[in-house]
Amino acid sequence: MGAERLSEQLEQIVLKRIAEDSLVLPTLPSVVTKALEVLKDPDVSFKHVGTIIERDPVLAARLLRAATSAAFAGGTKKVTLPEALTRLGARAVRTLLVEATAQKVFVSRDPKIAESMKRVWQHSVAVATLSRDVLALSGNADSEAAYLAGLLHDVGKPVVASMLLEFERQVTEVYNRPFIDSAEWVTVIGRTHRAVGVALAEKWQMPEQVTRCIRDCAEYDNADRSSLVNIVCFSNSLAKKTGIYAGTIDADEVDALVMIGRSIIGANDEIIKTLTRGLKERVANLYD
Amino acid sequence: MATILTVDDSRSVRTIVAKQVKDLGFEVEEAEDGVQGLSKLGEREYDLVLLDVTMPNLDGPGMLAKMREIGNKTPVIMLTSESKRSVVSGVMKIGIADYILKPFKPEELKAKVLSVLQGEGGAEEVLAVSSEPPPAPAEPAARVEAGKQFVDVLVVDDMENVHKKLRAMLPNHVSLNGVTSAQAALQTCRQRVYRVALVDTEIPDVDSAVLAQQLKVLQPHAAFVALALRTTNDVVGEARAQGFDNVLFKPFNQDNVDDFLAQYFDNQDLLSAEENVLKAAPFAGRADRIDKYYTRIGETFNSLLTKVAAACFEDVILDVSAAPTTGDRLAKFLLAAAEQAKQVGIRFSVVGTPELQKILNSYTETKELRFHASVAEAQAAAQA
């Protein structure tokens, strides 16, 4: 079987599994699921949320660290978990819970894809950060939705990569046949990751606009200029243009997306400079 | 005068474009498809082509390709409802200066047409390099965007009392807006231009670093200062790590507020210049800060005097009607100013209150200074 034919078959297998709802997707940890559930209640007490989250000490430590950072109160004193959650607020807690879970999806023990997935994660954080900032141009303060949409826009990539690793093991070890080369890996991931990402977002019960971004953010939606899809599409192209991406990119297409985005978002040169100033350092410092 | 060719199969689009381009003072000609467009380009030279993508007979990319084939390098801005990256990427490879998506705002068309015609090249490489320093604080007169109101200070703090306290400690000529939420901050930053934004680090449910970064997108020239409590931590270091330029500690004290004023509202504000008339701003700080006020005015006077001399004025008129007359500080300053004017060969006149006149007459060194009760009187005397 030729490599090209194999890559087509792999693509079909991924898409078929999605259609049949038989795709094995990463699940939200039970602590996160439970916490997100209770956070839907606007009157929930953070003491109650804290008792759920403290069952996962690593997650609790991450939230405490976020709450005591300079951004959230000057890091003045040690705080309890409920105090930290109160300081962060429900929206930020929800985002941090999803972010912590999503980051694990991008971690691979397989050296073949580990480094690439780390770079995809850094790219995702850059797109999330930019999306949140680009949203300001519309005067909308719901930055958490923009951040999540940017963060998850490529979440299907590590899932497809893990599936391909498993296929590779079967093809090479069980059937003793050659597998697809790295360029075809990229092609298969490129063709399937959005569908997989949408399936994952639906399973995680992400807001509809976040799911829509994962599905549609490869192109601008000129029927709805202020849509989150356009914000993520522009942020994605800016992150790539700034050099924060994994694998290869089509530089001409990135330039085109930046140029279209300047018009559709209404971003002038000064705004783009402000958006991208120090972005690499900001992203690198977030997850040392 | 520059002449622009608009190529679009829609008459209404051509009409709108033509009107807006004419409003900018340029000539405009129209073509309804690529064939007509090429024909027009063959008849005369244009400074810019505004080109649609989808047109009958010969579309925009086709016309652009033929233009470049025959060596026509006229800059082209694509003006289209086509937003597919493959299409735009294709025309970018052939060579366009910029791109405008229909429907467009008149200000976008005007900005991009002017940018290309003024040789800025339209969509140039604008991404910031990581090591690039942050922008300097805004210069109000030069930076105010058209149609936007300029305000000196924005305070973002959920406690309204913070706005009131700071308002009471700032001089009246420093304007201030206060907002209590992130949403309100974003809204006001879309409508106004600020010189300094003060952002509280403890607004409930708000990540102040994120909010500051969002506000920076809307206020690229503003300085960002964190409002924070004094703690044993390195608050200034932490705030700078979060992207703030500085910190103003709460609760406020007049010394810190005066230092803040000195840092972000440069000396030029204390002494303004209109041709050869220099005017001192009122002093609004504490009595024991008067020395600092006169030191700053003195520093500014030096540089403004140089400009007056460079502009070949024979006189400089210094209006100190609003300056404080307590003690001998004003008299000393005027004596030094008169000496500096003499050194650069300019005649020096003072405009002030009757009280100042009495003070100046009481010192041997200052009673000979040319004194006038108004700027008009001083100007008349200078022309006599």
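What to note about this one:
- Filter result (of a type in the set (Phe, Trp, Tyr) and closer than 18 Å to A:Pro158 by Cβ) within the stretch A:177-192: A:Trp185
- Hey, A:Leu97 buried (at least 24 other Cβ atoms within 10 Å of the Cβ), part of a helix (DSSP H, G or I), away from chain B (no Cβ under 14 Å) and over 12 Å from the mean Cα position of the chain (by Cα) or not: yes
- Inside the stretch A:1-51, residues that are more than 17 Å from A:Thr95 (Cβ to Cβ), free of Cβ contacts under 8 Å to residues at least 12 places away in the same chain and not in a loop (DSSP other than H, G, I, E, B) make up a count of 10.
- Conditions (1) touching a residue at least 12 places away in the same chain (Cβ under 8 Å); (2) within 30 Å of B:Asp158 (Cβ to Cβ); (3) hydrophobic (A, V, I, L, M, F, W, C): number failed by B:Leu271: (2)
- Wholly enclosed helices (runs of 4 or more DSSP H) of the stretch A:124-223 bearing at least 3 residues of a type in the set (Val, Ile, Thr) and surrounded by 20 or more Cβ atoms within 10 Å (Cβ to Cβ): A:182-203, A:208-216
- Members of the stretch A:251-265 found to be of a type outside the set (Ser, Thr, Tyr) and within 7 Å of chain B (Cβ to nearest Cβ), listed by number: A:Asp252, A:Glu253, A:Asp255, A:Ala256, A:Leu257, A:Met259, A:Ile260, A:Arg262, A:Ile264
- The requirement of being touching a Cys at 6+ places or on another chain (Cβ under 6 Å), within 30 Å of A:Glu54 (Cβ to Cβ), touching a residue at least 24 places away in the same chain (Cβ under 8 Å) and more than 11 Å from chain B (Cβ to nearest Cβ) is satisfied by A:Ala149.
- Single residue of the stretch B:156-170 satisfying the filter (touching a residue at least 12 places away in the same chain (Cβ under 8 Å) and aliphatic (A, V, I, L, M)) that is nearest to B:Phe224 (Cα to Cα): B:Val156
- Total residues in the stretch B:156-174, condition at pLDDT 90 or above, part of a loop (DSSP other than H, G, I, E, B) and either of a type outside the set (D, E, K, R) or more than 22 Å from B:Phe249 (Cβ to Cβ) (or both): 1
- Test: residue in the stretch A:216-223 that is out of contact with any strand residue (DSSP E or B) (no Cβ under 7 Å at 6 or more places or on another chain) and more than 14 Å from every other protein chain (Cβ to nearest Cβ): no
- Within the stretch B:31-57, tally of residues that are crowded, with 18+ Cβ neighbours inside 10 Å and either among the aromatic types (Phe, Trp, Tyr) or over 35 Å from the mean Cα position of the chain (by Cα) (or both): 11
- Cβ pairs under 7 Å, 6+ apart, first in the stretch B:299-311 and under 14 Å from B:Arg347 (Cα atoms), second in a helix (DSSP H, G or I) and of a type in the set (Gly, Ala, Ser): B:Leu305/B:Ala341
- One residue from B:Asn276, B:Asn246, B:Asn253 being more than 9 Å from chain A (Cβ to nearest Cβ) and closer than 19 Å to B:Ala168 by Cα: B:Asn253
- Residue within the stretch B:287-303 that is farther than 18 Å from B:Leu330 by Cα and assigned to a helix (DSSP H, G or I) present: yes
- Qualifying residue in the stretch A:31-48 (condition: closer than 21 Å to A:Gly156 by Cα, surrounded by 15 or more Cβ atoms within 10 Å (Cβ to Cβ), within 23 Å of the chain's Cα centre (by Cα) and at pLDDT 90 or above): yes
- Residue under evaluation A:Thr248, criteria (1) surrounded by fewer than 22 Cβ atoms within 10 Å (Cβ to Cβ); (2) away from every other protein chain (no Cβ under 12 Å); (3) in a helix (DSSP H, G or I), criterion not met: (3)
- Pairs linking a residue in the stretch B:216-238 that is at the interface with chain A (Cβ under 9 Å from one of its Cβ atoms) and within 16 Å of B:Val196 (Cβ to Cβ) to a residue that is of a type in the set (Ser, Thr, Tyr) and outside any strand (DSSP E or B), with Cβ atoms under 6 Å and 6 or more positions apart or on different chains, are B:Lys216/A:Thr274; B:Pro220/A:Thr274; B:Ala226/B:Thr201; B:Ala228/B:Thr201.
- Qualifying positions in the stretch B:101-116 - more than 20 Å from the chain's Cα centre (by Cα) and more than 17 Å from B:Lys19 (Cα to Cα): B:Leu101, B:Val116
- Taking the stretch B:308-322 as the range and being in a helix (DSSP H, G or I) and buried (at least 17 other Cβ atoms within 10 Å of the Cβ) as the test, the residues that pass are B:Val308, B:Ala309.
- If you go through the stretch B:353-369 and keep only what is surrounded by 14 or more Cβ atoms within 10 Å (Cβ to Cβ) and more than 15 Å from B:Lys332 (Cα to Cα), you end up with just B:Thr353.
- Residues within the stretch A:104-146 that are among the aliphatic types (A, V, I, L, M) and within 14 Å of chain B (Cβ to nearest Cβ), tallied: 11
- Just one of (1) free of Cβ contacts under 8 Å to residues at least 24 places away in the same chain; (2) within 21 Å of the chain's Cα centre (by Cα); (3) at the interface with chain B (Cβ under 7 Å from one of its Cβ atoms); (4) assigned to a helix (DSSP H, G or I) fails for A:Leu275. It is (1).
- Restricting the first member to the stretch B:171-184 and to residues that are within 11 Å of another protein chain (Cβ to nearest Cβ) and surrounded by fewer than 17 Cβ atoms within 10 Å (Cβ to Cβ), and the second to residues that are in a loop (DSSP other than H, G, I, E, B) and of a type in the set (A, V, I, L, M, F, W, C), the beta-carbon pairs closer than 7 Å and six or more apart or on different chains are B:Gln183/A:Ala141.
- Answer residue from the stretch B:323-357, given it is part of a loop (DSSP other than H, G, I, E, B) and within 18 Å of B:Asn276 (Cα to Cα) and is farthest from the chain's Cα centre (by Cα) among those: B:Gly345
The values are calculated or read from the model by the stated rules, or taken from the named source; none is laboratory data. Keep in mind that what you see is a predicted model, and the values were worked out from it rather than measured. Cβ: placed from backbone, ideal geometry, glycine included. Neighbour counts: every protein chain shown.
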